[in-house]
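For reference, the structure is listed below as structure tokens.
The values are calculated or read from the model by the stated rules, or taken from the named source; none is laboratory data. For clarity, every value in this text was computed on a predicted model and none was experimentally measured. Here the Cβ is made from the backbone with ideal geometry for all residues, glycine too, and neighbour counts use every protein chain on show. These area figures cover heavy atoms from the full protein model, side chains too; ligands, DNA and RNA do not enter into them. Shrake-Rupley method; radii C 1.70, N 1.55, O 1.52, S 1.80 Å.
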Amino acid sequence: MEKKITIRENTAEYMQELREWAEDAGKGGLEEMAAFFRNRLGEYEEHMSMWNAAYKRIGTMIPEQTEKLLDLGCGTGLELDEISAARPSLQITGIDLSPDMLAVLANKHPQVRLIQADYFSYDFGASVYDMAVSFESLHHFKQDKKLGLYKRIYEALKEGGTFLEADYIACCEERRRC
């Protein structure tokens, strides 16, 4: 059994900041997802640097027998920086809704096959990948929407394949609402 790794030292402070951000963001109404990321592209990688320890860790978690990997919601490829460094011969397919984020990823990792699409509707194929990963992407969606996606991910994996979801979850109903 692996030990629990704490990525964030001050969870209470983070949750308060998240609550304030959510309240402020809600004042302007909902923003279309691709536009949300396009509008934050310049600050995205710095903002996501809070997960650097987790990115490094995910780079060590790819099973040795993995040859083909699917990254759902790959964004600018922050997790792929570590995965590619650890496993340079891996065949990686990244899928993301944001063409702007994919352009950044393409400059960093031209060897990655990129697909600009909604991973909820894109056909991944059957028994194609040894592994699928999703890092800080699926928290944007409600559980009922994710259930069908999980089934499709399972079908896209070869027998014995692995799915790694690296995301945060709400510990309780109070934090789930913020």
Inset, instruction - Looking at (1) surrounded by fewer than 21 Cβ atoms within 10 Å (Cβ to Cβ); (2) of a type outside the set (A, V, I, L, M, F, W, C); (3) at negative phi; (4) assigned to a loop (DSSP other than H, G, I, E, B), find the lone condition where Tyr119 falls short. - result: (1)
Legend entry - Cross-chain or 6+ apart pairs with Cβ under 6 Å, region 63-87 first and over 24 Å from Ser127 (Cβ atoms), then basic (Lys, Arg): Gly77/Lys108; Glu82/Lys56
Inset, instruction - Having 1 or more residues that are open to solvent by 50 Å² or more (accessible area, probe 1.4 Å) and farther than 20 Å from Glu155 by Cβ is the bar; report the strands (runs of 3 or more DSSP E) wholly within region 60-116 that clear it. - result: 113-116
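Could you identify the single residue in Leu97, Leu114 that is in contact with a helix residue (DSSP H, G or I) (Cβ under 6 Å, 6 or more places away or on another chain) and more than 24 Å from Met61 (Cα to Cα)?
Details: Leu114 fails: more than 24 Å from Met61 (Cα to Cα).
Result of the check over Leu97, Leu114: Leu97.
When the residues of region 104-157 are filtered to those that are hydroxyl-bearing (Ser, Thr, Tyr) and under 24 Å from Ser89 (Cα atoms), which remaining residue is farthest from the chain's Cα centre (by Cα)? Quick ask: steps written out before the conclusion?
Kept after step one, since they are hydroxyl-bearing (Ser, Thr, Tyr), are these residues of region 104-157: 119, 121-122, 127, 129, 134, 137, 150, 154.
Add one more test, that the residue is under 24 Å from Ser89 (Cα atoms), and what stays is 127, 129, 134, 154.
Values: Ser127: 21, Tyr129: 17, Ser134: 4, Tyr154: 17 Å.
By that ranking, first place goes to Ser127.
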